[in-house]
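Data first, discussion second: the structure below is written as structure tokens.
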């Protein structure tokens, strides 16, 4: 079944697969803090979408389409356009490179805190890419 990216069903599917990924569990063993992924709206196009991932010591404790209160709870917020998220979630651009080149913006949290978790971010993206999904602008 193909799921819309950044939907509630997509977030839950990512969580299930992520919790089975031993490489992620090892790379994120000391990760503490929830992550909110934000797909910004585009003029005349798709509406904004947000996903909340409660990540704790190599486990995704919760995953869902984000509610407004989730932004307050999240330690990190990453924002980008549909095209930027497509590049990252298909593995064409690593998450840290996307941040460093401005394709994704860290709008909450410290980049210095995230740098030790480059491997965890890579595994998170590989896992998300394994979930059969469709982007809002796919026809």
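The values are calculated or read from the model by the stated rules, or taken from the named source; none is laboratory data. From a predicted model like this one, the values you see are computed outputs, not experimental measurements. As a convention, Cβ positions derive from the backbone with ideal geometry for all residues, glycine included, and neighbour counts pool all protein chains shown.
Just a few scattered comments:
- Restricting 79, 107 to those that are in contact with a strand residue (DSSP E or B) (Cβ under 9 Å, 6 or more places away or on another chain), closer than 21 Å to residue 15 by Cα and either modelled with pLDDT of 95 or more or not in a helix (DSSP H, G or I) (or both) reduces the list to 79.
- Residue 52 satisfies every condition listed in (1) more than 15 Å from residue 5 (Cα to Cα); (2) touching a strand residue (DSSP E or B) at 6+ places or on another chain (Cβ under 6 Å); (3) not in a helix (DSSP H, G or I) except (1).
- Residue tally, condition surrounded by 14 or more Cβ atoms within 10 Å (Cβ to Cβ) and without any contact (Cβ under 8 Å) to a residue 40 or more places away in the chain, over the stretch 19-40: 1
- All of 88, 93 fail the test of being without any contact (Cβ under 8 Å) to a residue 60 or more places away in the chain, buried (at least 17 other Cβ atoms within 10 Å of the Cβ) and out of contact with any strand residue (DSSP E or B) (no Cβ under 8 Å at 6 or more places or on another chain), apart from 93.
- Odd one out for residue 108 among (1) over 23 Å from residue 23 (Cα atoms); (2) under 11 Å from the mean Cα position of the chain (by Cα): (2)
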